[in-house]
Every structure is written in structure tokens, then in C-alpha cells.
Amino acid sequence: MKDMNWYAEQEARIPKGGTRTRFAPSPTGYMHVGNLRTALYTWLIARNKGGKFILRIEDTDQERYVDGAVEVIYRTLAECGLDHDEGPDVGGPVGPYIQTERRGLYKEYADLLIEKGCAYRCFCEKSDAEGEGFEKAADPCRSLSRVESDERAASGEAYVIRQKIPEGGTTTFHDEIFGDITVENSTLDDQVLIKRDGLPTYNFANVIDDHLMGITHVVRGSEYLSSAPKYDLLYRSFGWDVPAYVHCSPVMRDAHNKMSKRHGDPSYEDLIAQGYLTDAVVNYVALLGWSPGGEREIFSLPELAEVFEIKGISKSPAIFDVEKLKYFNSEYIRAMSPEDFAAAAEPFIRQAVKKPDIDPAAIAALLQQRTEVLSDIPEKLDFFDELPDYDTSLYVHKKSKTDEAGSLEMLNRMLPVFEAIEDWSDESILGAMTDMAAQCECKNAKVMWPVRIAVAGKAVTPGGAVEICRILGKDETLRRIRIGAEKLSK
Ligand code: GLU
């Protein structure tokens, strides 16, 4: 153990004043929607109060470490706009916050607890099991004398360090969402703080780090609620202030199951690959278990930071509803500028439309008002590069009283008219068709329906006959109308 000056120096370095929150993910490879929500709430609490948001990578469980996982975390946070104030990449007064790089610290604090009589070395073989099902009364090491314990440690015998939970009484802690919770100390196990390899358990490292980083609000999943009394006892053993706890209920895939990678539930990156927009995902995730109170649902990130309050977080689990996310996504798509939408949609348009002379921005303009998810785009555009092999029964349209014979006649009439157009634009194409309708004393649809079927080979298309003809160009339009006429005359 270090001398007391060393501990005093650590204390003196703790940033003080203002709200300080931290997101403390373990790099296990996947930023699921629940993780993103925890990060978001943590960031919002800090930003709402003009405080600091800290990122800490909790990598002491080396068995669960996945290569590249840290990058996924950084990328996801950066894309979502959840910027952090201190941390390995941005520096700061007390970085870096990679737990394995701070490993020396934790053992010193565990030794301090031994000194205070609030922890003890456990030499038992079973101690490797991290205390699961461990009976404190049954462990002989709990009552070892300090002298014997020191001697065995000095002789090189392996040990773990366990928290010494009081035998009787109760522990009460406060959670901002769940209120006061009291547990019998007899139900708490003497959890392992330092493992045989000298590394801290998550349960210990989080308390030390939250204290040394001056964290005022600890936001995490409610699965940690059952451990919170043990954390509380640790803070008290050290004589430290306890931060405000904000335990958030899980995000569920349905009424019974949490969202999980194992069940194929999407991560943030999966959602983006599926064509959801970051802003829509962030907005939707914010409302998964938090309510601003009121009807309004659409909030930008800065707007969320302005209105976010811990008291709006719900105790009940939230269910991830992909239909609701689609609704948010379509709202965000509609609100984009045409240029931004064209840029976002282009890769999806190009999956279906490879012809270089077709302008993706022209197609994007047809899609913006009716797209929910960008990945829906390619299948809507399957007729641009190649005319599908369609059935002539498509020409039958009850509403406009169009049949196959009428369609054939109309296509034959339109051919020379289209051929004569010099400036191939929406106005001239539309003008040609409405003039034809006037000439035939029929509704416009009687002209436009057969043209649309001929050029698209399908009845449901983004945009109508005019836009499709314009985008295809004059030559391709004429070619397809001839094919239509030929099909109908067989
Ligand atoms: N490393 C923990 C996890 O990823 C974080 C828990 C906490 O925020 O304290 O679940």
C-alpha cells in the first residue's frame, strides 16, 4: 500500500464542480441500441447542465475483449454527435481512461480497504469464481488475522481481494429513477475486488474510477441495480461522496426478451447499413424510455440537450418498435434538403440503376416524399436499367376505363407526338399528353396510364409517366413505347 500522501495526491487531482457524467462501455464488439441509449442519456444529462461527458473504456475483462470494438464505440459516438470532453483521444486533465492502463491504481485502493478492515485477502481456490454463490460466513479467510494474511501474501501465495460486507443490518441507497432501495446485508456476497491476476473486477474499478474522475451522475443499465448496494458500501468505506445513480430499464425486442446480438437484433451500425438516418435513430432512441412530457416527438440533438430531464426516464422497460423507427426515419427524410437526400440516397439508387446516363439526383427527387428507409429504394427502381418482362393485363385500368385495345391505340398515337418533341422536359412531355387527352376528349389518365405501363413495365412506380419518361430520355422512352405497342398488338 502507498503512503497516505499518495492517496491525498489522487484526491487533489479530482476535477470538481459542475455535472460530470461518463459512458463506460466494455469493448465487447457491438454497440447495441441499449448501449447507444445509455450513452445518449449520459451525454444529454451532461450537456443539459453545461457539464462534462467522459468516455471510459472498461476493458479489464480480457476474456470478453473483442478486437476493433473500441473503434466501433468511438465511431458510433462520433457519428451520433456524442462528443466527449476527456479521454484517450482528446486528452484532458486526468486521462487516459482505458482501465487496463490504470491497473496499478486499483490494487492500491484495495490495499487501503484492507487497511481499513473493509476488505480481506482470500486464498481459497474457489475464489477464482469471482464470489458467485459465495457464503461469507463459510469463508475461513474472512476471519484470518491481519498478521497471518500479510505473511501468506508475502510468501507468494495467490489470493483475490474481497469486499468485507457487514454481517448484519441493511444498506439503503438512492436511485434517481427507482427511489430508495434497502437490502439486507446478509443477501450481499463478499464480491471479489481484485482478481488473482491483479486486475480489478468491473465492480471495483467502476467505483474507483467514478470517484477519481469526479463523476456526479452514474448512468447505466438496471442490471447493475442489484450490485449498487455493494458499490454504496465501498464509497462509504472510503468515506467518499456517493454519486447520483441513474439506472435505466432495458430496451426489449418484445415483452419478454432484451435486445441482444445473439438474437440478431440490430446494432447502431446495422441500422445505418439498413438505410436509417443517424439523426432519426438518435431521436427515436432518446424516446425509448424517456418522455419530454407532451405530444412533441421530433427533436434534434441540441433540442434534446435543452429539454432532457432525468425525471422523464421511465422505470418500465422500453420496447424497440421498428415501425416507429421507420416513422421517425421518414419524417427526417422528408425534412432533408433535396441535395442532402440525393447524397444519402445515391448509393442505394446506384445499387439498382447502373446506367451512367441516368442522373441519380433526378430519381432521388421522386423518392424523397415516399421513402421510409433508404434500403427500400433499390427494389422500387428495378425498371430503370431494364424494362421488366410484363404482362399486357397491366394495361387494364378500371378507374380510367382503359383496356388493352385502347392502350394500343393511345401508344400508337403518342409515338409520333413524342418523336416530334425537341426539348425533352417535364413541360413538353406533360403538354404532349394533355393535348392528346384534349384532342381525344378523354381524361388525362387514359393517356398517361398506358404510357406509364409501357415505360416502366409495372403499375406502382416512384413518380408518374412524365417523370419516368424524362429520366429515361427520349430514345429509351420511344423504344419502350414501341415494345408496348408490339406486345399489345400480338
Ligand atoms: N462496463 C459496463 C458495461 O459495459 C458499464 C457499466 C457502468 O456504466 O457502470 O456494461
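How many of the residues in the stretch 169-191 are assigned to a strand (DSSP E or B) and more than 16 Å from the ligand (Cβ to nearest atom)?
Going through the stretch 169-191 one residue at a time, the tally reaches 10.
Taking the options P200, P229, name whichever one is away from the ligand (no atom under 14 Å from the Cβ), under 30 Å from the mean Cα position of the chain (by Cα) and open to solvent by less than 20 Å² (accessible area, probe 1.4 Å).
P229
When only residues in the stretch 348-394 that are open to solvent by 30 Å² or more (accessible area, probe 1.4 Å) and free of Cβ contacts under 8 Å to residues at least 24 places away in the same chain count, which is farthest from L411 (Cα to Cα)?
The residue in question is R350.
Within the stretch 210-226, track down each residue that is outside any loop (DSSP other than H, G, I, E, B), more than 10 Å from the ligand (Cβ to nearest atom) and either hydroxyl-bearing (S, T, Y) or open to solvent by less than 10 Å² (accessible area, probe 1.4 Å) (or both). Please lay out each step first, then the result.
In the first step, residues of the stretch 210-226 are kept if they are outside any loop (DSSP other than H, G, I, E, B); the result is 210-212, 217-226.
When the remaining residues are screened for being more than 10 Å from the ligand (Cβ to nearest atom), the result is 211-212, 217, 222, 225-226.
Of everything in the stretch 210-226, those that are outside any loop (DSSP other than H, G, I, E, B), more than 10 Å from the ligand (Cβ to nearest atom) and either hydroxyl-bearing (S, T, Y) or open to solvent by less than 10 Å² (accessible area, probe 1.4 Å) (or both) turn out to be S222, S226.
Return the pair list, or none, for Cβ contacts closer than 6 Å from residues in the stretch 50-64 that are more than 10 Å from the ligand (Cβ to nearest atom) to residues that are acidic (D, E) and outside any loop (DSSP other than H, G, I, E, B), at least 6 apart or on different chains.
I54/E86
Return the residues of the stretch 423-460 that are touching a helix residue (DSSP H, G or I) at 6+ places or on another chain (Cβ under 6 Å) and open to solvent by less than 20 Å² (accessible area, probe 1.4 Å); say none if nothing qualifies.
Listed by number, the residues that qualify are I429, A432, M433, M436, A437, V447, P450, V451, I453, A454, V455, A456.
I'd like the full set of residues that are crowded, with 21+ Cβ neighbours inside 10 Å, within 11 Å of the ligand (Cβ to nearest atom) and more than 13 Å from the chain's Cα centre (by Cα), limited to the stretch 28-49.
T42
Identify the single condition in (1) open to solvent by less than 20 Å² (accessible area, probe 1.4 Å); (2) touching a residue at least 60 places away in the same chain (Cβ under 8 Å) that V207 does not satisfy, given that it satisfies every other one.
Of everything listed in (1) open to solvent by less than 20 Å² (accessible area, probe 1.4 Å); (2) touching a residue at least 60 places away in the same chain (Cβ under 8 Å), V207 misses just condition (2).
If you take the residues in the stretch 418-439 that are touching a residue at least 24 places away in the same chain (Cβ under 8 Å) and not in a loop (DSSP other than H, G, I, E, B), which one is nearest to the chain's Cα centre (by Cα)?
Among residues in the stretch 418-439 that are touching a residue at least 24 places away in the same chain (Cβ under 8 Å) and not in a loop (DSSP other than H, G, I, E, B), the one nearest to the chain's Cα centre (by Cα) is D426.
Open to solvent by less than 70 Å² (accessible area, probe 1.4 Å), farther than 26 Å from A362 by Cα and not in a helix (DSSP H, G or I): does that describe S407?
So S407 fails the test.
Tally the residues that are open to solvent by 30 Å² or more (accessible area, probe 1.4 Å), of a type in the set (K, R) and not in a loop (DSSP other than H, G, I, E, B), restricting the search to the stretch 143-168.
The number of residues fulfilling the criteria is 2.
Can you name the residue in the stretch 50-68 that is open to solvent by 60 Å² or more (accessible area, probe 1.4 Å) and either more than 19 Å from L36 (Cα to Cα) or in a helix (DSSP H, G or I) (or both) and, of all such residues, is modelled with the highest pLDDT?
Filtering first and then ranking leaves G50.
The values are calculated or read from the model by the stated rules, or taken from the named source; none is laboratory data. Because the structure is predicted, anything quoted here is derived from the model rather than measured. Don't worry about glycine lacking a Cβ; one is built from the backbone with ideal geometry, like all the others, and counts go over all protein chains shown. Heads up: the accessible areas ignore ligands, DNA and RNA and are worked out on the full protein's heavy atoms, side chains in. Shrake-Rupley method; radii C 1.70, N 1.55, O 1.52, S 1.80 Å.
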